[in-house]
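Chemist: Take a look at the following structure, please.
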Amino acid sequence: MSGKHVAVLMGGLSSERPVSLSSGNACAEALEGVGYRVTRVDVGRDVAKVLGELRPDVAFNALHGPFGEDGTVQGVLEYLQIPYTHSGVLASALAMDKAQAKIVASAAGVPVAEARVMSRFEIGQEHPIAPPYVVKPVREGSSFGVVIVREDMAHPPQSLVSSDWRYGDTVMVERYVGGRELTCGVMGDQVLGVTEIVPQGHSFYDYDSKYVAGGSLHVLPAEISPKIYQRIQSLALKAHEAIGCRGVSRSDFRYDDRLSEDGDLIWLEVNTQPGMTPTSLVPEMAAHVGMSFGELVRWMVEDASCLR
């Protein structure tokens with residue numbers, strides 16, 4: 001029994017609040033199960049005041065999206081000198097900005113798709129690059145705001161300039177890579193397994209595929225050649241280290257093997273706050289190497305620190 005007091009930060013202010021509440025409650029329950037004293041903190045703008053009064057030994061960051069995943073709350077925790085899980089201020093901010101993360105990963109030798117960053121209002125009626133391509137908000141998670149533009153579309157989707165759009169004005173237009181969706185976790189300096197994600201009834205791994213029951217099928221280990229499997233593991237670790245991630249991260253890839261086994265393997269992004277329910281991707285990968293969910297969250301708490 002540890003005796004440590006752990007504040008589990010969940011909820012938050014982003015579009016991913018429901019996902020964070022699910023992750024946070026699952027982690028809190030598991031941490032209690034392995035002997036920690038746990039306080040659940042539904043994070044609002046008064047989080048510094050709440051944590052200053054609570055003074056936990058460790059903050060378990062189960063937040064997703066802006067404010068919780070972009071270096072902001074990490075800065076609060078550094079200021080309060082409360083050790084915390086996952087990545088630090090710089091790596092969190094860098095990974096959250098998809099365009100900047102691609103520059104750093106590419107410089108480290110990680111293959112990325114050609115892309116350009118622009119205002120959503122610049123896109124207008126003309127395709128900014130030859131379709132097919134993907135339009136992504138540069139600072140969102142859980143596939144919020146992602147639009148796939150197919151070859152048969154005469155012009156970009158007008159949802160990008162709609163007054164209902166709430167994902168920021170800066171977007172990344174990226175070459176679409178067909179084929180398979182693959183992901184690989186990293187835990188400290190240990191690479192976990194490679195999972196293939198097969199959306200069920202969806203055209204790509206969107207929000208419903210991620211979080212609605214039956215939305216996707218996880219194949220672990222992915223049924224790909226050992227050479228490609230090991231290459232994905234190597235690239236996931238390389239991206240984790242280049243961006244400066246700590247604790248647990250997960251890198252996403254696209255792999256088009258329709259013409260050859262070597263195919264087109266492209267790194268998409270690194271998630272510094274991957275989903276953390278027992279059926280989420282990283283806990284499944286940990287279970288595949290014999291680590292229970294309770295053991296995983298305990299490792300994360302014991303790995304916590306400041307200056308990450």
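Chemist: Can you pull out the residues in region 81-98 that are among the hydrophobic types (A, V, I, L, M, F, W, C) and surrounded by 19 or more Cβ atoms within 10 Å (Cβ to Cβ)? Walk me through it before giving the result.
Modeler: Keep residues of region 81-98 that are among the hydrophobic types (A, V, I, L, M, F, W, C), which gives 82, 89-91, 93-96.
82, 89, 91, 93, 94, 95, 96 - these are the residues of region 81-98 that are among the hydrophobic types (A, V, I, L, M, F, W, C) and surrounded by 19 or more Cβ atoms within 10 Å (Cβ to Cβ).
Chemist: Also, I was wondering about something else. If we only count strands (runs of 3 or more DSSP E) wholly inside region 165-241, which ones have 2 or more residues that are surrounded by 20 or more Cβ atoms within 10 Å (Cβ to Cβ) and modelled with pLDDT of 95 or more? Give the derivation first.
Modeler: On the way: elements: 170-175, 180-187, 190-199, 216-219.
Result: 180-187, 190-199.
Chemist: For region 147-194, give me the residue count where each residue is among the aliphatic types (A, V, I, L, M) and either under 20 Å from residue 284 (Cβ atoms) or touching a Cys at 6+ places or on another chain (Cβ under 8 Å) (or both).
Modeler: So the first thing to find is which residues in region 147-194 are among the aliphatic types (A, V, I, L, M), and the list is 147-149, 153-154, 160-161, 171-173, 177, 182, 186-187, 191-192, 194.
Still in the list and also either under 20 Å from residue 284 (Cβ atoms) or touching a Cys at 6+ places or on another chain (Cβ under 8 Å) (or both): 182, 186-187, 191-192, 194.
Count: 6.
Chemist: One residue is enough: does region 51-64 have a residue meeting the conditions over 19 Å from the mean Cα position of the chain (by Cα), among the basic types (Lys, Arg) and farther than 24 Å from residue 294 by Cα?
Modeler: Checked region 51-64: no residue is over 19 Å from the mean Cα position of the chain (by Cα), among the basic types (Lys, Arg) and farther than 24 Å from residue 294 by Cα.
Chemist: For region 250-265, check the following and say yes or no: at least one residue is touching a residue at least 60 places away in the same chain (Cβ under 8 Å), surrounded by 23 or more Cβ atoms within 10 Å (Cβ to Cβ) and among the charged types (D, E, K, R).
Modeler: Checked against the condition, which is being touching a residue at least 60 places away in the same chain (Cβ under 8 Å), surrounded by 23 or more Cβ atoms within 10 Å (Cβ to Cβ) and among the charged types (D, E, K, R), region 250-265 yields at least one hit.
Chemist: A further question follows. Given the criteria assigned to a strand (DSSP E or B) and on the phi < 0 side of the Ramachandran plot, does residue 93 qualify? Talk me through it step by step, then tell me what you get.
Modeler: Values: assigned to a strand (DSSP E or B): no; on the phi < 0 side of the Ramachandran plot: yes.
Spelling it out, it is not the case that residue 93 is assigned to a strand (DSSP E or B) and on the phi < 0 side of the Ramachandran plot.
Chemist: Can you name the residue in region 25-41 that is closer than 18 Å to residue 82 by Cα and out of contact with any helix residue (DSSP H, G or I) (no Cβ under 8 Å at 6 or more places or on another chain) and, of all such residues, is surrounded by the most Cβ atoms within 10 Å (Cβ to Cβ)?
Modeler: Filtering first and then ranking leaves 28.
Chemist: Which one of these is in contact (Cβ under 8 Å) with a residue 12 or more places away in the chain, more than 20 Å from residue 275 (Cβ to Cβ) and in contact with a Gly (Cβ under 6 Å, 6 or more places away or on another chain): 89, 117, 110, 76?
Modeler: On the way: 117 fails: in contact with a Gly (Cβ under 6 Å, 6 or more places away or on another chain); 110 fails: in contact with a Gly (Cβ under 6 Å, 6 or more places away or on another chain); 76 fails: in contact with a Gly (Cβ under 6 Å, 6 or more places away or on another chain).
Going through 89, 117, 110, 76 in turn, just one is in contact (Cβ under 8 Å) with a residue 12 or more places away in the chain, more than 20 Å from residue 275 (Cβ to Cβ) and in contact with a Gly (Cβ under 6 Å, 6 or more places away or on another chain): 89.
Chemist: Another question about this same structure. Given the conditions (1) among the hydrophobic types (A, V, I, L, M, F, W, C); (2) under 18 Å from the mean Cα position of the chain (by Cα); (3) on the phi > 0 side of the Ramachandran plot, and given that residue 245 satisfies all but one, which numbered condition is not satisfied?
Modeler: So the condition that residue 245 fails would be (3).
Chemist: Moving on to the next point. If you check every pair at least six apart or on different chains, which have Cβ atoms under 8 Å apart with a residue in region 125-143 that is within 30 Å of residue 63 (Cα to Cα) and at pLDDT below 85 first and a residue that is surrounded by 21 or more Cβ atoms within 10 Å (Cβ to Cβ) and acidic (Asp, Glu) second?
Modeler: Once the first residue is within 30 Å of residue 63 (Cα to Cα) and at pLDDT below 85 and sits in region 125-143, its partners that are surrounded by 21 or more Cβ atoms within 10 Å (Cβ to Cβ) and acidic (Asp, Glu) give 139/70; 141/16; 141/69; 142/16.
Chemist: In addition: Might you check whether a residue that is assigned by TED's automatic domain parsing to the domain that holds residue 160, among the polar types (S, T, N, Q) and under 21 Å from residue 273 (Cβ atoms) occurs anywhere in region 129-143?
Modeler: Step one: list which residues in region 129-143 are assigned by TED's automatic domain parsing to the domain that holds residue 160, which gives 129-143.
Remaining after also requiring among the polar types (S, T, N, Q): 142-143.
Next, only the ones that are under 21 Å from residue 273 (Cβ atoms) stay: 142-143.
Yes, that holds for at least one residue.
Chemist: Among the helices (runs of 4 or more DSSP H) contained in region 1-88, which hold 2 or more residues that are among the hydroxyl-bearing types (Ser, Thr, Tyr)? Working first, answer last.
Modeler: Values: elements: 17-33, 47-54, 72-80.
Those helices (runs of 4 or more DSSP H) span 17-33, 72-80.
The values are calculated or read from the model by the stated rules, or taken from the named source; none is laboratory data. Source: prediction; values computed, not measured. Every residue, glycine among them, receives a Cβ derived from its backbone with ideal geometry; neighbour counts consider all protein chains shown.
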